[in-house]
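**Student:** Structure provided below as C-alpha cells; questions to follow.
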Amino acid sequence: MRKLLNIILTLTISLCFSQTKEQLLLSIIKVDRVDSNCIGFGCKKSKQYENFEKLKAIISEQELVELTNHNNSTVRTYASKALINSDPNFALKLLKNELDNNKTVRTFEGCIIDVQKTSSIIYHEYWNKIRIEAIRKTNVNNYEENLAMKKKLESDFVMEKLDSLIIHYVKEVDWILYNRVFENRKHKDSYLPRIEELAFIKNNACAFDYIKTHYSDQYSEKLEKYLTTDFPTAKFKKGNEVFYLHSFIKILLESKDEKYKKIAIDKLKANSVWKERSGWFKTTLRNHGIVL
C-alpha cells in the first residue's frame, strides 16, 4: 500500500511541475533565437532547442502546422523545420510562406551566432536533408558522397519545385538561394526568359554565370554586351548587389582579357560600395596581381 502511495505521489509531483504547451511556447519566444542541436565548443543541445523538442513531443501535427503561421519568426522557423523533416511535401508551401513574410531571425549554430532570413533557413533545411540522405547510401568516400549529393539535388522532385519558386519569385531573394538554385542543376529551357531578366535586367550574377555556363554560344552576344556596355553603368548599392558586384569582378578578371580587366578596375574605382567588404574584394584582386 505504501509503495502504491509513493508511486501516486511521484506522479502527482511530476504532473505539477511539467511544463504546459503555453509555458514552453512562451519560453521559446522569450529567448527568440533558433538554436541548432549542436552549439558551443561542447556541441551541446541548448535549453532553447530542448524546449522546442519538448513542445513538439506534446502537440499534434495539426498544432505543429498551425505554429508555422505563428507571428513569431523563431516559433515559425522551428515548426517549419520540424514539419519538413516529418513530411517533405510541406516544404514548398513553407518556403513560400517565409518568402512572403520576408523576415529574419537570430540563429545559433556551432559557435556562430548570426541573423538569417527565415526563407533561407527553410530552403536549406530541405537542401541539407536530401544531401544527408544521399550520402548515407554511399561508401565513406568524398568523391562518391559529393557525386551522390549532386545527383540527388539534380533529380529530387521537391527540390526542383523549390528552385522553380526561387527563380520565379517576383521579389528579390537572398543571393545565397540564387547561388544554390543555379548550381543544383540545368533547369528547363522554359525558365530562360525569367533567368535572362535576372541576369541582364536585375544584374543577378548567379543567373548571369548560369547562362554563361550552360548557354555560352546561344547567348554570346548578350553576355558580351552586358559586360562591356551594361555592367559599367549598372548600380550596385547594398545587400545582394555587393555580392553580385564581386561575382562580376571575378568573372571579368578570370577571363584573362585585358579589356575586361580594365572594365573591372574602372568599375571599382568609380564605386565605393565594395569597400564595405574590402577584404573580400582585395583578396580577389590580389589573386590577379591587382592592388587598388
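The values are calculated or read from the model by the stated rules, or taken from the named source; none is laboratory data. If you're wondering where the values come from, they're calculated on a predicted model, not measured in any experiment. No Cβ is skipped: glycine too gets one built from the backbone with ideal geometry, and neighbour counts run over all protein chains shown. Side chains are part of the model used for accessible areas, which takes the heavy atoms of the whole protein and leaves out ligands, DNA and RNA. Shrake-Rupley method; radii C 1.70, N 1.55, O 1.52, S 1.80 Å.
**Student:** Any idea what angle helix 240-254 forms with the longest principal axis of the chain, computed on alpha-carbon atoms, 0 to 90 degrees, nearest 10?
**Tutor:** Approximately 50 degrees, to the nearest ten.
**Student:** Averaging sequence separations of C-alpha pairs under 8 Å and six or more residues apart, then dividing by the length of the chain, give the relative contact order as a whole percent.
**Tutor:** Relative CO of the chain lands at 10 percent.
**Student:** Expressed in nm to one decimal, what extension gain is obtained for the pair N179 and K269 from 0.36 nm per residue of sequence separation less their Cα-Cα distance?
**Tutor:** 29.8 nm
**Student:** Whenever you get a sec, compute what percent of the accessible area on the chain sits on carbon and sulfur atoms (1.4 Å probe).
**Tutor:** 53 percent
**Student:** How tilted is helix 47-58 with respect to the longest principal axis of the chain? Cα atoms for both, answer in degrees (0 to 90, nearest 10).
**Tutor:** Around 60 degrees separate the two axes.
**Student:** How do 135-142, 51-58, 233-240 rank on mean C-beta neighbours within 10 Å, highest first?
**Tutor:** Descending mean neighbour count gives 51-58, 233-240, 135-142.
**Student:** Now, a different point. Based on Cβ point charges of +1 for Lys and Arg and -1 for Asp and Glu, what charge dipole magnitude is obtained for region 163-208 about its Cα centre, in debye rounded to the nearest 20?
**Tutor:** Magnitude of the dipole: close to 100 debye.
**Student:** What angle do you read, to the nearest 10 degrees and between 0 and 90, between the alpha-carbon axis of helix 157-168 and the longest principal axis of the chain?
**Tutor:** Its long axis makes an angle of about 50 degrees.
**Student:** Suppose every Lys and Arg Cβ carries +1 and every Asp and Glu Cβ carries -1, with no other charges. What dipole size does the chain come out with about its Cα centre, to the nearest 20 debye?
**Tutor:** Charge dipole of the chain: 740 debye, to the nearest 20.
**Student:** For the pair F157 and A57, how long in nm is the line joining their label points, each one 7 Å along Cα→Cβ?
**Tutor:** For the pair F157/A57, the computed spacing is 3.5 nm.
**Student:** Can I ask one more? For F41 and K222 in the same chain, what is the full-extension length gain: residue separation times 0.36 nm, less their Cα-Cα distance, in nm?
**Tutor:** 60.2 nm
**Student:** Using a 7 Å offset from the Cα along the Cα-to-Cβ direction at both E22 and D87, what is the distance between the two label points in nm, to one decimal?
**Tutor:** 2.8 nm
**Student:** Here's another thing I want to ask about it. Once you charge only the Cβ atoms, +1 for Lys and Arg and -1 for Asp and Glu, what is the size of the charge dipole of region 151-292 about its Cα centre, to the nearest 20 debye?
**Tutor:** Around 540 debye, computed over region 151-292.
**Student:** Simple spin-label model, 7 Å along Cα-to-Cβ: E66 to T138 in nm?
**Tutor:** 4.3 nm
**Student:** Can you give me the Cα centroid spacing of region 51-75 and region 132-160 in angstrom?
**Tutor:** Distance between centres, Cα-based: 30 Å.
**Student:** What FRET efficiency comes out for the pair T104/E258, r = Cβ-Cβ distance, R0 = 51 Å, nearest 0.05?
**Tutor:** Once the sixth-power term is evaluated, E becomes 0.75.
**Student:** Would you kindly calculate the translational diffusion coefficient of the chain, applying Stokes-Einstein with the Kirkwood radius from alpha carbon pairs, for 20 °C and a viscosity of 1.002 mPa s, and quote it in µm² s⁻¹ without decimals?
**Tutor:** It diffuses with D of about 97 µm²/s by this estimate.
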